[in-house]
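Below is one structure, written out as structure tokens, with a few remarks after it.
The values are calculated or read from the model by the stated rules, or taken from the named source; none is laboratory data. Given the structure is predicted, the values throughout are model-derived calculations rather than measurements. Methodologically, a virtual Cβ is constructed for each residue, glycine included, from the backbone with ideal geometry; neighbour enumeration extends over all protein chains shown. Note: areas computed on protein heavy atoms with side chains; ligands, DNA, RNA excluded. Shrake-Rupley method; radii C 1.70, N 1.55, O 1.52, S 1.80 Å.
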Amino acid sequence: MPHLRIILALILAYMMFAVLMNSVGTVILQSILSFGVSKTQAGTLEGFKDIPVALASFFLASLMPRFGYRRGMMFGLALVAVACVAMAVADSFWMTRLLFVAVGASFGLVKIAVYSSIGLITHGRQAHASLTNTIEGLFMVGVLAGYWLFGAFIDDSDPTSRAWLDVYWVLAGLCLAAIALLASSRLDETEARVPGERISAGFARMLRLALRPMVLVFVISAWLYVLIEQSIGTWLPTFNNEVLKLPNAMSVQMASIFAGALALGRLSAGMLLRHMPWHVLLNVCVVAMGLLVLLTLPMAAGIAEGQTTGWRNAPLAAWLFPLIGLFMAPIYPAINSVMLSALPRHEHAPMTGLIVIASALGGTTGSMITGVLFGRLGGETAFYLSLIPMAAILLALRLFRRESERLAAASVS
């Protein structure tokens, strides 16, 4: 494969941010225990991560083709490596906020670069969808690995221990390895640039994209999806600990089932989409998500403290509820691929900027709302209320399908 090396580099860089971006749930739990902060304070970490993602994407998406996708990824990884070292040394809650600012801003750069690079190294909608699902699936493998990596550094015998901060030395080293692989890879970025285009023109092009009906409906769909995913993924370790009464390290490690289900779902989606329309698969998935919520959450009631001592006697809800990720998984990469495949390659960077902004705002909204509901109404009620955005996304997907078919018909005529 002529692009194998750069594909591996994209995957490693993206997986690094999978670990860091989705460590918020673990860090929330550990910050509550180690630093003594409240749930409301800890819930703000999602905002410190996602707002920089949105800002970096909004202001830098139009600059990425000029600066270079490969160099942008290397810069983002270097910034995160420095932040990880500072996190390990500073040993305080304020540093967690600064860490997630650096991680969020860098992820904005890296995601734009990764998604835009997919369009440069693939030809045709099927190849684009296949590589998108593969990379997003491996992103979730990184999320799964992150739960176990963090769990390995958590001291169950002392909940207030800060030994978990040593994980950031490992993460800094992995960032440097990803930089080395990118530095030795090649990527032809000629098609991504518009010769002679001013910076202001590229920025205006992104704003014009946002006014297209199909793009507007897509942004709403992506926002709703990420709101659901992050509200569940971020608070699942705390749900496991406080509602299901699991030990601290096990609460984090068992949340990896959710990431594993997302990975399996995304890696399988490419095969399923070869045999059925994308909108049929996604509608079935959303309905299945709602049914799983209604079937499994009643199992979480009435679990006694100390009832669970290990994986063998974990409550059934701890195994079944995270499987919601299996049905959730195909939605995000599928709608992203449909949207990007409908655009010329020089518009992939600004479009990806809009994708990242919608994702960041959805993640922040979902995590903060769930944090407030979790603190006031309890974890079970907070997760039951995820049924509301699930119903909304069914309507958004219907509108998105209608707009995509209208655009396809217009291009044929």
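Computed values, structure above
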item: Along principal axes, Cα extents of segment 203-261, largest first, whole Å; result: 51, 18, 18
item: Average silhouette area of segment 314-398, convex hull of alpha-carbon atoms, in square nanometres; result: 7.0
item: Two-decimal ratio, segment 216-310, of alpha-carbon radius of gyration to 2.2 N^0.38 Å; result: 1.30
item: Accessible area per residue in Å² at 1.4 Å probe, computed on the chain; result: 39
item: Using distinct alpha-carbon pairs, which all enter the 1/r mean, Kirkwood radius of the chain in Å; result: 21.4
item: The chain: DSSP helices with Cα axial extent of at least 30 Å and average Kyte-Doolittle hydropathy no lower than 0.5; result: 69-90, 93-121, 125-152, 213-242, 348-377, 387-412
item: Reach of Lys49 by Cα under 23 Å, taken over lysines that are not fewer than 8 positions away in the same chain; result: Lys39, Lys111
item: Exposed-site-free run, longest, the chain (rule: trypsin sites (Lys or Arg not before Pro); DSSP loop; at most 11 other C-beta within 10 Å); result: 1-185
item: Within the accessible area of the chain (1.4 Å probe), percent carbon and sulfur; result: 67
item: Sparse-neighbourhood loop sites, chymotrypsin sites (Phe, Trp or Tyr not before Pro) in segment 224-260 - DSSP loop, at most 12 other Cβ within 10 angstrom; result: none
item: Scattering profile of segment 12-122 at q = 0.12, 0.16 Å⁻¹ [log10 I(q)/I(0), Debye over alpha-carbon scatterers]; result: -0.43, -0.70
item: Kirkwood hydrodynamic radius of segment 268-413, from inverse mean 1/r over distinct Cα pairs, in Å; result: 17.8
